[in-house]
Amino acid sequence: MLIVETIARIRREHFIKGKTIKEIARDLKVSRNTVRKVLRSGETSFEYERQVQPRPKLGRWAVELDGLLAGNAAKSAREQLTLIRIFEELRGRGYDGGYDAVRRYARRWSKERGQSTAAAYVPLSFAPGEAYQFDWSHEVVLLSGTTVMVKAAHVRLCHSRMLFVRAYPRETQEMVFDAHDRAFALFKGTCGRGIYDNMKTAVETIFVGKGRLYNRRSCRCAATIWSIRSPARRRRAGRRGRSRTRSGWSGNASSRRGCGSKTSTS
């Protein structure tokens, strides 16, 4: 591999000092083809990448090693074997090569496997009238020349992405109920299911998984609007984060959570 200093010297010797390709090759102890390649291209680095990696020892054992690696990846984390154990298993089957070849092959296999599964995703889609999302955000606004912090209630229909936003001074149950009443009046109806964050105005206790203990007034609200509550999972922005994204304006830098909408009212 040619270093940058050698490439620069070849070009100086030819274009500035006027030396021939034969003289440069003799002085720098490089081949004439290398000198020609440097002079004919504008590249600043030349690297050789082998297209096919010969495996004189491991080649015929690649299928066996693929099976061992795939079976090991399917096990739980506590039951997975180390590469040394996999190497010993392969040696027990007759492989007489070294450990480094197995380690390089396993690293390349893991990288290719990770690239093939990285693009997989499950699309999140909703039927019309199936669900809505509710969440709060904190916004900094200017009221009568004074900078104040307000709480914005976001209600979004999951299918059409229609958004309702209303600002309130606090996050209380009365304001949660008022936001629902005004949002459903705007939507001219409600949905069969509501997706909520684990907010203190509705949830008293959080259990493992989706288990929640809702307070009494929240249960009465759900019964009034004929809606089933669905808690948002932790650390999963796709379930409830959309209720306050893709809106017309975003919050200030000190309030990273929320965003508002041009359709909001005060």
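The overall shape of region 112-207, judged from the alpha-carbon gyration tensor, is prolate: a/c is not under 1.5, and a/b is greater than b/c. Using the Cβ-Cβ distance between residue 103 and residue 43 with R0 = 45 Å, the FRET efficiency computed as 1/(1 + (r/R0)^6) comes to roughly 0.85. Would any residue of region 25-43 have its amide N under 17 Å from a label point 7 Å out along Cα→Cβ of residue 15? List them or say none. Of the residues in region 25-43, 35-43 have backbone N under 17 Å from the label point off residue 15.
Taking amide H atoms as placed 1.01 Å from N in the peptide plane, the amide H of residue 212 lies under 5 Å from those of 207, each 5 or more residues away in sequence or on another chain.
Using only side-chain charges placed at the Cβ, +1 for Lys and Arg and -1 for Asp and Glu, the dipole size of region 10-74 relative to its Cα centre rounds to 600 debye. Working ranking of peptides 13-23, 193-203, 81-91 by packing, defined as the average number of other Cβ atoms within 10 Å per residue, highest first, is 193-203, 81-91, 13-23. Here the accessible area of region 55-148 is 52 percent carbon and sulfur, with a 1.4 angstrom probe and all protein chains present. Per-residue 3J(HN,Hα) values for region 86-99, derived from phi via the Karplus relation 6.51 cos²θ - 1.76 cosθ + 1.60 with θ = phi - 60°, read 5, 4, 5, 5, 5, 5, x, 8, x, 5, 10, x, x, 6 Hz in sequence order (x marks Gly and Pro).
Computed from backbone phi with θ = phi - 60° and the Karplus coefficients 6.51, -1.76 and 1.60, the 3J(HN,Hα) list for region 5-21 is 5, 5, 4, 5, 5, 4, 5, 5, 4, 8, 7, 9, 8, x, 6, 7, 5 Hz; x is used for glycine and proline.
The values are calculated or read from the model by the stated rules, or taken from the named source; none is laboratory data. All values reported here derive from a predicted model rather than from experimental measurement. Note: ideal-geometry Cβ built from the backbone for every residue, glycine included; neighbour counts use all protein chains shown. Just the protein is used for accessible areas: all its heavy atoms, side chains included, with ligands, DNA and RNA removed. Shrake-Rupley method; radii C 1.70, N 1.55, O 1.52, S 1.80 Å.
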